[in-house]
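Following: one structure in structure tokens, then a few remarks.
Values quoted throughout were computed directly from the atomic coordinates according to the rules given, and no laboratory measurement underlies them. Worth saying up front: this structure is predicted, and the values here are computed from it rather than measured. Cβ coordinates were reconstructed from backbone atoms using ideal geometry, including for glycine residues, and neighbour counts include every protein chain displayed.
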Amino acid sequence: MPGRLLENNLITAHYHAPRGKRRLYRMAHFLSQRYLDAEDRLVGIIGCEGSGKSTLIRGLFPGLELTNDDDGINNRRAPIYDFSEEDYFAGHTFHIDIRFESAFHQLFEIAEAINRAINAGKRVVVEHFDLIYNHLGYNAQIIFAIGEDLRVFRPTVFGPSPIDIKSDIEKNAKYRLMAHSAEDLTCWLLKNVYNCRLPELHSDVKHGFVIGFQEEPDFDISELENRVKELIEQDIPIKAAEGNYIEVRKDKIYCTGKRIHVKSTGEIENFRLIKRFFMDPISKEYLLVGLAGKEEITGFSTLPPKNGNNESNANLI
């Protein structure tokens, strides 16, 4: 009954998709508490390559054994294939990555394994759910989709279709990668050139990022923007390094979401910093906002006034 009540009320929920591992874990924990029901047996996960699906799943289902992730492959055969209804102590929740498993099994075989587990009252978390939807013939009870933003759906028999969801999130996924790479370049300059102390966790805005400072910085925002643009114009490759680092030239930059990046700095489009710091009256932080991608500034139609004077957005961006 609780799942049915949720299904009848929730259409879709949208959140900024965090880029760092810790932020994504926290968001996933929040989503699991708010939207998951104990009776959900088919959970769909949809997302582009390098969007953080594995991290999202680990945050939603702590302790779940994944068949594979971005860092490697589980040599053990996916447990869902060896599941027996007669085994009382068989696992309650199974993970299966359709894209990975389709290299070794026909889609109808994968669908049969999913159906067998669900019919036995088990839960199946299906990564790349859009790839198996037509073979299953029915939708997931809840879908988590991650692209530029993170969306939660409770589909009905009337939709939305996982295929349509995947098509939709693919359209803007690149802006999340651009914003993340621009954020890390900005932070690297702030730390190594301007000797700024940076917070461990940052915040997000549409097509951009927010960096908070405990004290009002004294550096010139336009100068910082130009330095970042110089790195972008050099079209430097961005590579995943060992540990929680990315490599830009020979410099290693700390990053816990090292796959959520563009392949080179030259792929960052239309980077700009808003030319003032915003004071958060509650946290007492001074906020620096960076944007990338589309010219339109979603969510910045009315910037808060500074010292009682309304400023034109065009003069700030």
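Exceeding 29 Å between C-alpha atoms, which entries from my cross-link table qualify? They are Lys239/Lys284; Lys174/Lys275; Lys21/Lys250; Lys171/Lys191. Walk me through the numbers on the way to the answer.
Details: Lys239/Lys284 36 Å; Lys174/Lys275 24 Å; Lys21/Lys250 23 Å; Lys171/Lys191 33 Å.
Checking Cα-Cα distances, Lys239/Lys284; Lys171/Lys191 exceed 29 Å.
Distances between placed amide hydrogens fall under 5 Å for Glu269 paired with Gly293, all partners being 5 or more residues away or on another chain. Mean-square fluctuations from a GNM of the chain, with a 10 angstrom spring cutoff on Cα atoms, peak among Glu223, Glu170, Glu49 at Glu223.
Whole-Hz Karplus values for the range 245-251 come out as 9, 10, 10, 10, 6, 9, 8 Hz, taken residue by residue from phi with 6.51 cos²θ - 1.76 cosθ + 1.60 and θ = phi - 60°; glycine and proline positions read x. With θ taken as phi - 60° and the Karplus curve 6.51 cos²θ - 1.76 cosθ + 1.60 applied, the whole-hertz 3J(HN,Hα) list for the range 143-160 is 10, 10, 10, 10, x, 5, 10, 10, 10, 10, 10, 10, x, 10, 5, 9, x, x Hz, x standing for glycine and proline. 3J(HN,Hα) along the range 11-17, derived from phi through the Karplus expression 6.51 cos²θ - 1.76 cosθ + 1.60 where θ = phi - 60°, amounts to 9, 7, 10, 10, 9, 4, 8 Hz, with x in place of Gly and Pro. Taking Gly20, Gly212, Gly91 in turn, the Gaussian network model of the chain (Cα-Cα springs below 10 Å) assigns the largest fluctuation to Gly91.
Put simply, the Cα atoms of the range 2-160 extend 39, 36, 30 Å along their principal axes, the longest span coming first. Residues whose amide H comes within less than 5 Å of that of Cys255, counting only those at least five positions distant or on another chain, are Tyr245, Ile246 (H built at 1.01 Å from N in the peptide plane).
A crude spin-label estimate for the pair Asn192 and Glu215, with each label 7 Å from Cα along the Cβ direction, gives 2.5 nm. As a ratio to 2.2 N^0.38 Å, the alpha-carbon radius of gyration for the range 134-180 is 1.28.
Spin-label model, Tyr15/Leu64: points 7 Å from Cα along the beta carbon direction are separated by 1.4 nm.
A cut-off of 5 Å between modelled amide H atoms, ignoring neighbours fewer than 5 places along the same chain, links Asn68 with Asn74.
Of the trypsin sites (Lys or Arg not before Pro) in the range 122-228, which ones lie in a loop per DSSP and count no more than 11 other C-beta atoms within 10 Å? Kindly include the intermediate steps, with their values, before the conclusion.
Details: sites: Lys122, Arg123, Arg151, Lys166, Lys171, Lys174, Arg176, Lys191, Arg197, Lys206, Arg227; in loops: Lys122, Arg197, Lys206.
Taking the range 122-228 and a limit of 11 other Cβ atoms within 10 Å, the loop trypsin sites (Lys or Arg not before Pro) found are Arg197.
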